[in-house]
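The values are calculated or read from the model by the stated rules, or taken from the named source; none is laboratory data. Computed from a predicted model, the values in this text were never measured in an experiment. With ideal geometry, Cβ positions are generated from the backbone for all residues, glycine too; neighbour counts draw on all protein chains shown.
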Amino acid sequence: MIVAGVDVGSTTSKAVVLDDRRQIAGTSLLPTGANVVRAAERAFREALAASKRDESEAAYVIGTGYGRYKVAFGDDQVTEIGCHARGAQFLFPDTRTIVDIGGQDTKAIRISDRGEVLDFSMNDKCAAGTGRFLDACANVIGMTLDEIGPASMNAQKPIRITNVCTVFVESEIIAHLARGEKVEDILRGVHLAIGSRTAGLVRRVGTNPAVTFTGGVSRNVGMVQALEERLGVSVHVSPLSQWMGALGAALIALERVEGGAVHRIAAGGAA
Amino acid sequence: MITAGVDIGAGTTKAVLMDDAGRILVKVSERSGARLDAAGSRALAAVLEKAGLRREDIAYVAATGYGRYQLPERDIQITEVTCHARGASYLFPGTRCLLDIGAQSTRAIRVDDAGRVMRFRMNDRCAAGAGRFLERVARALEVPLDDLGPMSLHSADPQAISSICAVLAESEVISLVTSGKATEDILMGAHLSIADRALALLRQVGVDGEVTVTGGVVLNRGMLTALERRLGRTVNASPDTVYAGAIGAALLGFVRLRKLGEAR
Amino acid sequence: MSAPLGRVEDLRSLVEDVTFPRAREWKEGGGKVVGSFPVYAPMELVHAAGMLPVHLFGAGGGVEIEAADSRIQSFVCSITRSTLELGLRGNLDAFDGFVFTNICDVARNLSGVFARNFRGKTVEYLHLPQNVGSGAAVDYMTGELRRLLATLERMGGVNISNDALAQSLRAFEENRALVRDLHEIRSKAPWLLPASEAYVLTRAGGLLPKEEHTRLLRETLAEIRSRSSRSMDKMRILLLGSFCEQPPFALLRAMEDAGCYVLDDDLALGLRFLDRPLAANGDPLRAIAEGFVHGAAMSSVCHTVRPKTEWLLQRARELQVDGVLFCTAKFCEPALYDYVPYKEVLEKADIPHLHVEFEEKMTAFEHAKTQVETFVESVMFG
Amino acid sequence: MATTTQTTVPPDLGKTMQRDMLAKYYGALETANADGVPVAYLFIPGNIVELTQCFGFLPVYPEINALQCGIKKVAGENIIRAEDLGYSADVCGYVKNDIGLMLKDRQSPFGRLPTPDLLVCNYSGCNTFIKWFEALAHFYGSEFFLLDIPYIRESEISPGDVAYVVAQLKELIARCEARTGVTFSEARLREILGYSREAEDLWVEILHLARERPSPFDSYFEAVFYMAPVNMLRGTPESVEYYRQVLREMRARTDERRGPVPEEKFRVVIEGPPAWPHFRAFWELFKRWGAVAVASTYSKVGGLYDQGVRHDPSRPLESIAEYAMNGYTNWNLAKRADLLRRYVEEYEADALVIHSVKSCRSFSVGQADFRESFVNELGIPTLMIESDLADPRYFQEAQLRNRIDAFFESLTQRRLTGATA
């Protein structure tokens, strides 16, 4: 018996197949693109292929992320808040606080020792799209997303970036460039600005350790350092952080099966 | 007499030479690169070389654009709004209002019959980023930037995108994508939302009379169609308007020369 | 001790220092410090209680906003966020109390946020009369001042006599007269005194002990009158809209460099709020109340019987300005509402005008600077 | 997951009575200028409609016009028309809606509005009111009277504050006498205040029925309709009769254990104005989870009757002054937080929902601070969501849905495992 979690995000779609011993049997990661329904199906099929298991063995599938309602073949949908909480607590049992910097929203979640969501806070309108904030900065400076993290680490004199707004930060960076400021100093300033804002969000739900940093942006070492500096605590980061939502969804699916829930399709068609 | 107009933008730098009969002798356009001060001097040297002239043959050099203070050879620096207005009126003499839609900022300018600025208004911080917004919409929809305009023209049912803010508008685009709306309908919706914001700016300075559009957006058929649909009449647009800033600077050079001549 | 004052750069660094050195010095000397949110507050009472009155004008770009952003939403002006951030970071620990007034809904509610987050401090909110046309306004405001006096007496464990109040009133009146002289010079001979210099001289009055600021004004006024710089071909403008959150000093400088003489403005209006001398004799509290109800400066935060648009046209003609520049803080509602009737009457009177937005924390203001340059060019090249 | 089917509450007499009252009211407004009937513009919080009625003034409430334009989906065009005039994107959507309406031809969804003979700016709990009516005075050139209502800045109202408001009410009476030629009759005022008092008593009884399980009505999404007469048309026998009828119907629903949703799964207290331009969609986001508002603060902006505030015929001007100061947004943040906490306890709510709107900083600033104390100090699950009460451009349904679903998901999960906050 296997279960699956399919996380359809604004930029990438991910899936995780889990077996009944909670071992990850297969994963997938691909750009969501313009057709969301197809992206969900492809993510699920690729994860199944990686797990070398057959679709018929899937006892329960849960969709999450912005496109969760488009996971047509799923048995249920759960928001990414619930899934990131479940996934982070599974990988690091001492987790009490989760920080997820996603493409659209930044989330801070407080959980109980059993992984229940006790409180969460999300970014303010003007601080939306933190993932895109980094994307916009990399674009203006002419670097890739993977390069800006390491580049920001060797800054001597970080420049204070005052703009919260993704659109206006580009003109601020262009002005600093035009003044001949060093690229790594600007990048360090950008990472610290996001670190400050995210720390403010975490403080709203309380910075009780241990803190787990999830989502694609956590692969950026410069962002991990900036967040740890602003939070004043070290953070867990897992190489699986991009699949945290899909893993959490799969874990919840497994708990549903263990709790007696029956696979909708096996039970003869959609509810 | 010959004057030079050099428009040093964040992306590209343009330079033109004009004679006192108001003819454009020669024009160049180059990438600005990271060092803005070098960009201006490089463009000036290129336009002189193309015309087979030397700096001494030029009676007056006017700089404009983002890097207008960084051209050592200049006699004066003038802002891009003032130069754009004069240059666009040179290219389209009937112009009464000018809409300049760039990557970051949108400008609405009311001009008199001689191309002088009467009133102008620039976008609010929250309504910034028209060009940049289109680039990100192109990436979200996996459509090459140059196809944005043509593709949006096939739209049968444009999707309304209401947010003023480009970031929130992008989230709306992503929600439309996740709810399976047709790509061309989303694209036309995106163009119309930019057109609405730009025309709202223009209405604040007065939208009656001939409208001329400048800025990178001029090359995008979809954007011009969206503007004309919302405006209810045609607009002037031509690839030459990308030189409007440099042309305006050169023409204003002659205005200063006449004033200095009278002063002596 | 503090750096020698008088030179503009020293004043600027004092005004931009968000650690409030002079307040800490006063506190270490055993005194108490009371801060007020930027537009008008009757600080004579704080002076009479033997405490140091300090005008809080936010943190400018001086502090990274972190905690406050999760307490105050994004559609609120920056001065509110930076003032709360200063409190949460401990920059205001030397202060014993804060006075807020009805500048706008945000300033009013900020007093509630301060009261909950800084329980050890005294937080007072004064509802200053808006119906300045009512016969009951002066009595009501005198009552409100008496309420503030009782709070200060409790805070200081002192009894504030009428003589102490009268003496503080005289000290403030003397200072106000010099501030009026300062701004009189720059409206008549702007080439002698740039707006940016007049601004930091005025702002210093919100940080220094009143007597020290009065001495500083006397010395500087004498030096200014002896200057011999000549008038240049610049655009004469009236600057409006920056009465609460202040534009960055560098933006003010950039506007003057772009070719403007700023003949008058409402910068740091809270320190220039009482327009005319107060009645010297009788009950000092009633004198302040009458000064506020009948002689307050025109501003967007106070209703006036006379339409503000009438005042604007008269002021523009008095100063013979070439144009009016509305320079408003992002999200500043009172200023943004007044802009529309003002814009209408200026258009009818054919007086050029421009509206630019700023945030106190801005470091790159190309957007605003280019607009001001274009404004100057449109008049010069017009 | 929440059931999506929904039983519609049967069309009842109360709603039709209100529809007739409003039709008669808007009919009178349509012909007021032509018939020489004096028109007074008022604000809802702290409004003194009883006083203006003594002089035959017809009241017009620009806030009501603005929210109706929102519901009827015409707010957007009005706002853009005001922005064309120069109003910033960052100022209140209600004001721009009203200015845009005026610039077109004052054609509201319920009929054409008359121009004002007198602008009575009862400035209670919102500084923007002053700027709003200063603008109307500029555009219409009509007479302006500012009724300055002191903010409640301590735990109770001070005698000095009451004296200041009563003195201004007397000056207003003199102004109305000069304006209309009608001499003021205290007996008439007492009679009108009697009707107000009766309607207010009945309205409080209705509000308290939300303590029932299930609540017979939604004390936010439905209260905003039922509250119209006690805010706009107070002091009339028709409004008293209306609330007697509504009380009968709500008692009937209680007996039949009927409520606004098929199964009441969550009882919530809601703070902040609703998203008028997307009212149905906004309500649906809560209905899907079986979430019912058992108390709300927006329904108390026009008067905190359930906190004991009453018009009193035996103390006419004093009780009007005390009523005017006791609008929800005129209470300081400590009193507002305490009221929200008491609502959660008295109405046995499972959670607090804060709807922060950009247009209304009088409501919004301080809410994020509430959330902090409610969750961490009081242990009350609290959700904060953002949009706007008037401007349709600030309603991102995908984001709102994501946050509301996540919140009720976590409540469901904690209910299953009995976890404490």
Where in the stretch A:1-72 are the strands (runs of 3 or more DSSP E), entirely inside, with at least 3 residues that are assigned by TED's automatic domain parsing to the domain that holds A:ASP105, at pLDDT below 95 and acidic (Asp, Glu)? none
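Condition check ((1) assigned to a helix (DSSP H, G or I); (2) of a type outside the set (Lys, Arg)) across all residues:
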position	(1), (2)
D:GLU198	yes, yes
D:TRP203	yes, yes
D:HIS208	yes, yes
D:TYR242	yes, yes
D:GLN245	yes, yes
D:ARG248	yes, no
D:ARG258	no, no
Among the residues of the stretch D:63-91, how many are in contact with a Cys (Cβ under 7 Å, 6 or more places away or on another chain) and not polar (S, T, N, Q)? 2
Filter the stretch D:377-398 for residues that are at the interface with chain A (Cβ under 7 Å from one of its Cβ atoms) and over 18 Å from D:ALA293 (Cα atoms) and give the result. D:ALA398
Let me spell it out: the conditions are (1) at negative phi; (2) modelled with pLDDT of 85 or more, and B:GLN104 meets all of them except one. Which number is the exception? (2)
Kindly check whether there is at least one residue in the stretch C:75-92 that is within 7 Å of another protein chain (Cβ to nearest Cβ), without any contact (Cβ under 8 Å) to a residue 24 or more places away in the chain and within 28 Å of C:GLU144 (Cα to Cα). no
Which residues, taken from the stretch A:194-222, are crowded, with 23+ Cβ neighbours inside 10 Å and touching a Phe, Trp or Tyr at 6+ places or on another chain (Cβ under 8 Å)? A:ILE194, A:VAL205, A:THR212
Leading residue by the ranking (nearest to the other protein chains (Cβ to nearest Cβ)) among those in the stretch B:166-186 that are in contact with a Lys or Arg (Cβ under 9 Å, 6 or more places away or on another chain) and closer than 19 Å to B:MET223 by Cβ: B:ALA166
Would you please name the residue that is surrounded by the fewest Cβ atoms within 10 Å (Cβ to Cβ), looking only at residues in the stretch C:144-162 that are touching a Pro at 6+ places or on another chain (Cβ under 9 Å) and either at the interface with chain D (Cβ under 9 Å from one of its Cβ atoms) or within 17 Å of D:ARG153 (Cα to Cα) (or both)? C:LEU148
If you go through the stretch B:87-106 one residue at a time, how many are facing chain C (nearest Cβ under 9 Å) and of a type outside the set (Gly, Ala, Ser)? 1
Are there helices (runs of 4 or more DSSP H) fully within the stretch D:296-373 with at least 1 residues that are more than 14 Å from chain C (Cβ to nearest Cβ), over 23 Å from C:THR101 (Cα atoms) and out of contact with any Phe, Trp or Tyr (no Cβ under 6 Å at 6 or more places or on another chain)? List them. D:316-325, D:333-346
Flag for A:ARG160 being more than 24 Å from A:ILE98 (Cα to Cα), of a type in the set (D, E, K, R) and touching a residue at least 24 places away in the same chain (Cβ under 8 Å): yes
Given the condition without any contact (Cβ under 8 Å) to a residue 24 or more places away in the chain, within 14 Å of chain D (Cβ to nearest Cβ) and charged (D, E, K, R), answer yes or no: does some residue in the stretch C:99-106 qualify? no
Candidates A:ASP100, A:ASP20, filtered to the one that is touching a residue at least 40 places away in the same chain (Cβ under 8 Å), buried (at least 19 other Cβ atoms within 10 Å of the Cβ) and out of contact with any Cys (no Cβ under 7 Å at 6 or more places or on another chain): A:ASP100
Please specify each residue of the stretch A:98-119 satisfying the condition of being within 14 Å of chain C (Cβ to nearest Cβ) and in contact with a Lys or Arg (Cβ under 6 Å, 6 or more places away or on another chain). A:ASP119
Filter result for the condition that a residue is of a type in the set (A, V, I, L, M, F, W, C), at the interface with another protein chain (Cβ under 9 Å from one of its Cβ atoms) and surrounded by 24 or more Cβ atoms within 10 Å (Cβ to Cβ), over C:PHE375, C:PHE381: C:PHE375
Could you list, in sequence order, the residues of the stretch D:120-149 that are buried (at least 23 other Cβ atoms within 10 Å of the Cβ) and within 23 Å of D:ALA28 (Cβ to Cβ)? D:VAL120, D:CYS121, D:ASN122, D:PHE133
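Can you tell which of C:ARG218, C:ARG286, C:ARG230, C:ARG276 is within 16 Å of C:LEU11 (Cβ to Cβ) and surrounded by fewer than 22 Cβ atoms within 10 Å (Cβ to Cβ)? I'd like the intermediate steps shown before the answer.
Details: C:ARG286 fails: within 16 Å of C:LEU11 (Cβ to Cβ); C:ARG230 fails: within 16 Å of C:LEU11 (Cβ to Cβ); C:ARG276 fails: within 16 Å of C:LEU11 (Cβ to Cβ).
Result of the check over C:ARG218, C:ARG286, C:ARG230, C:ARG276: C:ARG218.
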Checked the stretch A:137-194 for anything of a type in the set (Ser, Thr, Tyr) and in a helix (DSSP H, G or I); matches are A:SER152, A:THR166, A:SER171
Helices (runs of 4 or more DSSP H) (entirely within the stretch B:130-214) containing at least 3 residues that are hydrophobic (A, V, I, L, M, F, W, C) and in contact (Cβ under 8 Å) with a residue 12 or more places away in the chain: B:130-140, B:166-178, B:183-205
